[in-house]
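What follows is one structure encoded as structure tokens, with my remarks underneath.
We did not get these values from a lab; they are worked out from the coordinates using the rules stated. Treat the numbers as computed from the prediction; the structure is a model and nothing was measured. Glycine gets a Cβ as well: all are built from the backbone with ideal geometry, and neighbour counts include every protein chain shown.
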Amino acid sequence: MTTATYHAPASLSEALGLLAAHPGAQVLAGGTDLIVQVRAGRAAPSAFIDIKTIAGLTGVRRSGEGFAIGAATPCTALLKDAALCAAWPGVVEAANLIGSVQVRNRATMGGNLCNASPAADSVPALIAAGATCLIAGPQGEREVAVTDLPQGPGRVALQPGELIVELRLPARPMGGGDAYLRGIPRSEMDIAVAGAGVALVLGADGLCTAARVALGAVAPTALLVPEAGAALVGTRIDDAALTRMAAAAQAACKPIDDKRGTAVYRIHMAGVLARRAALIARDRAENNA
Amino acid sequence: MSKVLIATKINGEAHEFACEPSASLLDALRDDLRLTGTKEGCGSGDCGACTVTLDGEMVCACLVLAPEVAGRQVGTVEGIAEDGALHPLQAKFLEHAALQCGFCTPGFLVAAKNLLDRNPDPSEHEVRFWLAGNLCRCTGYDKIVRAVLDAAAELRQERAGA
């Protein structure tokens, strides 16, 4: 298909060296986006740098009070980590809505982020959870909020020679809960028409003390909507608060019309999904109080 | 571009093949190893016709680069029958007429076996979701789902009797 070479580095420093030595190289994680793009002629890397062979870039580990998910960890591997599933079920569920089992066994968390589809399912869930990513490159390492990485369809704020090492999730706060929902016309194997991730915290008195609402597929990048989160804070996530939250979410949408849905439908669905996700997150938070 | 030599295990047997570094596992299986049971449908991970297992996890062979399988275990539809005897899944696909043109069948068999290997008693719901990444444009799926459930029941009986 191309004349690209294939490299399987054993360490992060080797991978960074290969990226520096091969201008036009692309990082290969699960390949479920990159290989499709290469076959379609939309990408023509000079080399594939496979990061799955690097120890530490696959798998979930405890990191302080929270979690570190290796950038090359496939979506299905998250399901095997009981502590992660208990702490951030919305993130795990979002990653396991993507594609089919075949695809999720390959598709990675770092790849879903770097492919920078506005409709990437894991990204709103990660943003709602307050995730960051650790980036390594020629200048060393830096940590960036997931919400700051996507710059537009197919574009992320990575410099040449940089790659994502891991995604970091904080410890789930006491009384915290999260959820992600997406709308698609069928039950599997489709791309979100709209998606909503919600993470919130309930205090001992049942009042919401913090909330983050993020939307997918309704703008060029996944959106964090602070006004939507603020509409829940100080409330019992009652109907009036949910209505204000959904309205704030809808007000932030800047979607396109395409074959998957009209802009009007996407805006409507963003509010519906945010509301439903907030209710699931509230139930989970009550169980974690 | 010079070819690279890859050593791997396919259906438990050691194999070596030479391929372009950017060749897919699907191309290597079909063109270099002449294991043509694995089919190419869409070439983009949507149809599941090229489903194989890689270290026991099912993947689309079209979305795996051939050099990635060096030193690993690949399972294809050719490895499902044992000693020339059809696997119960294969027999039930025939019995239930769970195929018409047959092009999607190898992918369905590999995916269904991967499910039954980890869950011997799946619900119809679980079967349908597990097989969501395999497309069939002939049967309408119902016969496939029934064949998988029937094969699961037979395998449970075999195990109980063993």
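Checking the table A:Lys80/B:Lys3; A:Lys259/B:Lys3; A:Lys80/B:Lys39; A:Lys52/B:Lys113 against a 32 Å threshold on Cα-Cα, which pairs fail?
A:Lys80/B:Lys3; A:Lys259/B:Lys3
Normalised by the number of residues in chain A, what is the relative contact order in percent for Cα pairs under 8 Å and 6+ residues apart? Please report the intermediate quantities before stating the final value.
Numbers: 703 pairs, mean separation 45.6, N = 289.
Computed over chain A, the figure is 16 percent.
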**Prompt:** Taking other Cβ within 10 Å of each residue's Cβ, how do A:Thr58, A:Thr108 sort, fewest first?
**Reply:** A:Thr58, A:Thr108
**Prompt:** Relative contact order of chain B: what whole-number percent is it, with Cα pairs under 8 angstrom and at least 6 residues apart?
**Reply:** 22 percent
**Complete:** Given the candidates B:Val64, A:Thr108, B:Gly75, the one whose Cα lies deepest towards the positive end of the charge dipole of the protein assembly as shown, counting +1 at each Lys or Arg C-beta and -1 at each Asp or Glu C-beta, is A:Thr108
**Message:** With 10 angstrom as the radius, rank A:Asp190, A:Asp205 by how many other C-beta atoms surround their C-beta, starting from the fewest.
**Reply:** A:Asp205, A:Asp190
**Request:** With a ≥ b ≥ c taken as the square roots of the eigenvalues of the C-alpha gyration tensor of the range B:1-52, please select rounded if a/c is under 1.5 and otherwise prolate if a/b is larger than b/c or oblate if it is not?
**Result:** oblate
**Prompt:** Which distance in nm do the two modelled labels at A:Gln151 and A:Ala171 give, with both placed 7 Å along the Cα-to-Cβ direction?
**Reply:** 3.6 nm
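Using a 10 Å cut-off around each Cβ of peptide A:89-101, what is the average number of partner chain Cβ atoms that fall inside?
If you average over the peptide's residues, the count of other-chain Cβ atoms is 3.
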**Dipole axis of the range B:88-161 (+1 Lys, Arg; -1 Asp, Glu on Cβ), positive-most option in B:Leu94, B:His125, B:Cys136** = B:Cys136
**Prompt:** Once amide H atoms are placed 1.01 Å from N in the peptide plane, what residues at a sequence separation of 5 or more from A:Leu28, or on another chain, have their amide H within under 5 Å of its amide H?
**Reply:** A:Ile49, A:Asp50, A:Ile51
**Request:** Mind checking which of B:Cys50, B:Ala85, A:Met174 is farthest towards the positive end of the protein assembly as shown's charge dipole, using Cβ charges of +1 (Lys, Arg) and -1 (Asp, Glu) about the Cα centre?
**Result:** A:Met174
**Prompt:** Any idea how far apart B:Glu16 and A:Glu286 come out in nm if each label point goes 7 Å out from Cα toward Cβ?
**Reply:** 6.5 nm
**Request:** With a Förster radius of 30 Å, plug the Cβ-Cβ distance of B:Glu82 and B:Asp121 into 1/(1 + (r/R0)^6) and report the FRET value to the nearest 0.05.
**Result:** 0.85
**Asked** Modelled label-to-label distance, A:Arg42 and B:Ala7, 7 Å Cα→beta-carbon offset: nm?
**Response** 3.9 nm
**Prompt:** By the scheme Lys and Arg +1, Asp and Glu -1, what is the net charge of all other residues having a beta-carbon under 10 Å from that of A:Gly177?
**Reply:** 0
**Complete:** the range A:31-73: relative contact order from alpha carbon pairs under 8 Å, six or more residues apart, as a whole percent, is 26 percent
**Request:** Report, in degrees rounded to the nearest 10, the 0 to 90 angle that the Cα long axis of helix B:105-118 makes with the longest principal axis of chain B.
**Result:** 70 degrees
**Fill in**
Looks like chain A, by Cα gyration tensor root eigenvalues a ≥ b ≥ c and the a/c under 1.5 rounded cutoff (else prolate when a/b is bigger than b/c, oblate otherwise), is prolate
**Average projected area [Cα convex hull, the range A:154-222], square nanometres** = 7.2 nm²
**Complete:** Hits for chain A under the membrane-span-like helix rule (DSSP H, Cα axial span at least 15 Å, Kyte-Doolittle mean at least 0.0) are A:239-252, A:263-287
**Prompt:** Each residue of the range A:52-67 in turn: what ³J(HN,Hα) in whole Hz from Karplus with 6.51, -1.76, 1.60 and θ = phi - 60°, glycine and Pro shown as x?
**Reply:** 6, 8, 8, 4, x, 8, 10, x, 10, 9, 6, 9, x, 8, x, 10
**Item:** Cβ-based exposure ranking for A:Leu79, A:Leu215, in which fewest neighbours within 10 Å come first
**Value:** A:Leu79, A:Leu215
